[in-house]
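Values in this text are rule-based calculations from the coordinates and carry no lab data. In this text the structure is predicted, and so the values were computed from the model without any measurement. Note: ideal-geometry Cβ built from the backbone for every residue, glycine included; neighbour counts use all protein chains shown.
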Amino acid sequence: MRADRLDAFIATHLPNIFYLTGFSGSSGIVLVAQNSAILFTDPRYTVQAKQEVTAAQVKIVRGSLLKAVGEQVEQRQGSRVGFEAAHLTVLQRAALGKSTGARIRWISWDGKVEGLRAIKDESELATMREAARIACASWEETLPLVKPGVCEIDLAAEIEFRMRRKGADGPAFDTIIASGERGAWPHARASRKLVKKNELVVFDLGAILRGYSSDLTRTVCVGRASSEKRRWYAAVLEAQQAARQALRPGVTAEQVDAAARGVLKQAGLEQRFIHSTGHGLGLEVHESPRLGRGEQSVLRAGTVVTLEPGVYIEGTGGIRIEDDALVTSTGAEFLTHANRELIEIG
Ligand code: ZN
Ligand code: ZN
C-alpha cells in the first residue's frame, strides 16, 4: 500500500477476506488503513465474527456494506483507496463511487492479496498436506467399489462421505466421475451413468479443510487396458513427471507447462491435451499461478500448484493424472501420494 501511495484498501473477495482476518462468512468487506483494519458484515454474522476475527475491528451493518465502507473512508478526504476491481460487479462499482463522491480516488488494485496467498507458510502447508491425505485416502478406499454396473453418482457419494468422515469440511468442488466416453469431457460431473467393462474412469476430487483445498485426479481401467490406452496412460504419466522435474523456484509457469506439453507432443497427443498443465491451489481450487502457455509469472518456494496433464479422445474417453505439488527451495515435492500407476480392475 505504501509503495502505491494508498491510504486504504478494501478487500471484497471472500477468500482474501478469510486470508486477512479469518472471517469465513459469506458477506463482508475489509477496510485496511495504515494502522487499522475493519471488517464490515451483517447482523447474521455478529457472533461468528466475534469468534473468528481478532486482527480487525468488527462493524455490524444493517443495509449496504459498500455504503457503510464509503461512509467510513469519506472521513479521509482526497485519499487514494485501493479496491479489487476484478471482484466487484458493475453495479457495486457504481455504488462505491456514489458512496463517497469524487473526493475519494478509487484505485483498481487487484491481485495483491492473491500475491501474498501464493506463498504458503508452515501452518497453511500442514493443513494442505492433511487435505491432500484425506483426498487420497478417500479415493483409495472407494476403489474396491469400482466395477461394471456401479453408478458414477454412487462413487462420488462414497468419496465425499469418506472425505467428511476423515475430517474434511466437505468436498472442495463437485466430484468428477467420468466413465467411458464421458471421460472426454474434462469437467464432467458424476452422472447417473453406469460404469461398463473396458471403460476408463476418471476421478477428480478434492477435500476442503479449514478453508484449504486439495485436488486429485486418477484414471483407472475397468478390465484390461488395450495397448492404445496403455500408451496414452504412459504418455500422460510421463508428461506429469516432466512437469514435476521442471518445477522449481525461478522457472516460469509457462516452462512447467511446456515440459508436460513437450512429452505429449512427442507421443503425437498434443492436440488431445486441451487445457493447461495446472493451477495454483490454496484457499481457492483455482488460484494464481496458472501453469499454461504464455504465463510468465515466476514460481517461488512455498507455492502449491497442481500438475494435471490429460488426453481426451471423443467417443472413447479421457485420461488425466493430477497431483498437488509444493515448490520447495530446491525443487518440488508432491503433497498427494496416491498410486499413479495404471490400475486395471477385474
Ligand atoms: Zn482436479
Ligand atoms: Zn485441478
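Label reach from R189 (point 7 Å along Cα→C-beta): in region 129-152, amide nitrogens under 15 Å belong to 152. Dividing the summed helix terms, -39500 (n - 2.57) for each DSSP H run of n ≥ 4, by the number of residues in the chain produces a 222 nm estimate of -10000 deg cm²/dmol to the nearest 500. Shape class of region 26-150 from the Cα gyration tensor (axes a ≥ b ≥ c, square roots of the eigenvalues): prolate, since a/c reaches 1.5 or more and a/b is larger than b/c. Pairs from the list K59/K166; K59/K98; K147/K229; K50/K120; K120/K193 with a Cα-Cα gap above 29 Å: K59/K166; K120/K193. Karplus-derived 3J(HN,Hα) values for region 223-231, using 6.51 cos²θ - 1.76 cosθ + 1.60 with θ = phi - 60°, are x, 6, 7, 5, 4, 5, 5, 4, 5 Hz; glycine and proline are entered as x. Here's how it looks for R290: its modeled amide H is under 5 Å from those of G280, which are all 5 or more places away or on a different chain.
Taking trypsin sites (Lys or Arg not before Pro) across region 221-274, the ones in a DSSP loop with at most 14 further Cβ atoms lying within 10 angstrom of their Cβ are R224. Dividing the radius of gyration of the alpha carbons in region 122-345 by their Kirkwood radius gives 0.95 for Rg/Rh. Amide H contacts under 5 Å for K120: T303, V304, restricted to partners 5 or more places along the chain or on a different chain, H placed in the peptide plane at 1.01 Å from N. Across region 129-136, coupling constants 3J(HN,Hα) worked out from phi with the 6.51/-1.76/1.60 Karplus curve, θ = phi - 60°, read 4, 5, 4, 5, 4, 5, 4, 4 Hz, and Gly and Pro carry x. Lys/Arg Cβ at +1, Asp/Glu Cβ at -1, dipole of the chain taken about the Cα centre: which of A95, M163, G211 is farthest positive-ward? About the Cα centre, the residue reaching furthest to the positive side is A95. For region 307-312, backbone phi angles converted through the Karplus equation (6.51, -1.76, 1.60; θ = phi - 60°) give residue-by-residue couplings of 10, 9, x, x, 10, 9 Hz, Gly and Pro being listed as x.
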